[in-house]
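What follows is a set of notes on a single structure, which appears directly below.
The values are calculated or read from the model by the stated rules, or taken from the named source; none is laboratory data. Since we're looking at a predicted model, the values are computed, not measured. All Cβ positions, even for glycine, are placed from backbone atoms using ideal geometry, and neighbour counts span all protein chains on display.
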Amino acid sequence: MKTENQKVEHWNTIYQSKNENEVSWYKDYPEASIELIKELKLPLSAHIIDIGGGESRLVDVLLDLGYTNITVLDISEKALEKSKNRLGEKSKLVKWIITDITEFNPTEKYDLWHDRAVFHFLTAKENIIKYTSIAERAISQNGFLIMGTFSDKGPTKCSGLEIKQYTDKTLKSIFERFFELNNFKYLDHSTPFNTVQNFLFCTFQRK
């Protein structure tokens, strides 16, 4: 298992050495996440956090849609620097948090917690428990959790790291103590390298 410093170095190296369209998770428009968010019909004042937002363009779209309380969290300072540079002046409208998600100490409640492809990197049971505990504390009553992970038909590794695959049933079992599963979908993500990765997206609501 990598130490905290090794994890930070790993992700900073990736973001320093690659352009945004040279990583497998790149999407110029994150339509799967946006469709799920739109279905929730959240007010534009809703507090939204994107876990592992990195260089993702989800924040760009949320700002364009008029959301006013957006937070982006990532372990990589280099990734967030790239997003800030891309957004320019708009970056001042966003809260930026640099931390490992398992060390996150939330100071506010979120109406939506969005995670595309961070949770599946947590392979140790204690880190999975830490994550679910943090999410339970951070998400407001009746708030939502959108989780995107590799499915049981997806890859077993990403960026040189082992991941944990999920089905709707196994993901539900992890979060069901505090969250109710509203819906789920499996979909294929086409990478910039002309490969296909099968994802599972689940929308949960805080009980």
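If you take the residues in region 72-97 that are in contact (Cβ under 8 Å) with a residue 12 or more places away in the chain and over 21 Å from Asn19 (Cβ atoms), which one is nearest to the chain's Cα centre (by Cα)? Filtering region 72-97 for residues that are in contact (Cβ under 8 Å) with a residue 12 or more places away in the chain and over 21 Å from Asn19 (Cβ atoms), the one nearest to the chain's Cα centre (by Cα) comes out as Leu73.
Would you please name the residue that is nearest to Gly143 (Cα to Cα), looking only at residues in region 112-131 that are in a loop (DSSP other than H, G, I, E, B) and more than 12 Å from the chain's Cα centre (by Cα)?
Here is the first cut: in region 112-131, the ones in a loop (DSSP other than H, G, I, E, B) are 117-118, 122-124.
Cutting the leftovers down to more than 12 Å from the chain's Cα centre (by Cα) gives us 122-124.
Values: Leu122: 23, Thr123: 26, Ala124: 26 Å.
Looking at the filtered set, the residue picked out is Leu122.
Scanning region 37-66 for residues that are β-branched (Val, Ile, Thr) and free of Cβ contacts under 8 Å to residues at least 40 places away in the same chain gives Val59, Val61.
Among the residues of region 162-187, those identified as at pLDDT 95 or above and among the acidic types (Asp, Glu) are Asp168, Glu176, Glu180.
Within region 131-148, track down each residue that is without any contact (Cβ under 8 Å) to a residue 60 or more places away in the chain and in contact with an Asp or Glu (Cβ under 8 Å, 6 or more places away or on another chain). Answer for region 131-148, where residues must be without any contact (Cβ under 8 Å) to a residue 60 or more places away in the chain and in contact with an Asp or Glu (Cβ under 8 Å, 6 or more places away or on another chain): just Met147.
Of Ala32, Ala79, which residue is touching a Lys or Arg at 6+ places or on another chain (Cβ under 9 Å) and closer than 29 Å to Asn194 by Cβ? Walk me through it before giving the result.
On the way: Ala79 fails: touching a Lys or Arg at 6+ places or on another chain (Cβ under 9 Å).
It is Ala32.
Would a scan of region 152-174 turn up a residue that is in contact with a Pro (Cβ under 9 Å, 6 or more places away or on another chain) and surrounded by fewer than 18 Cβ atoms within 10 Å (Cβ to Cβ)? Yes, region 152-174 contains a residue that is in contact with a Pro (Cβ under 9 Å, 6 or more places away or on another chain) and surrounded by fewer than 18 Cβ atoms within 10 Å (Cβ to Cβ). Total residues in region 190-207 satisfying the condition of being of a type outside the set (Gly, Ala, Ser), part of a strand (DSSP E or B), within 19 Å of Tyr26 (Cβ to Cβ) and over 15 Å from the mean Cα position of the chain (by Cα): the figure is 3. Residue under question is Ala135, and the condition is that it be within 27 Å of Tyr186 (Cβ to Cβ) and at pLDDT below 95; does it hold? The answer is no for Ala135.
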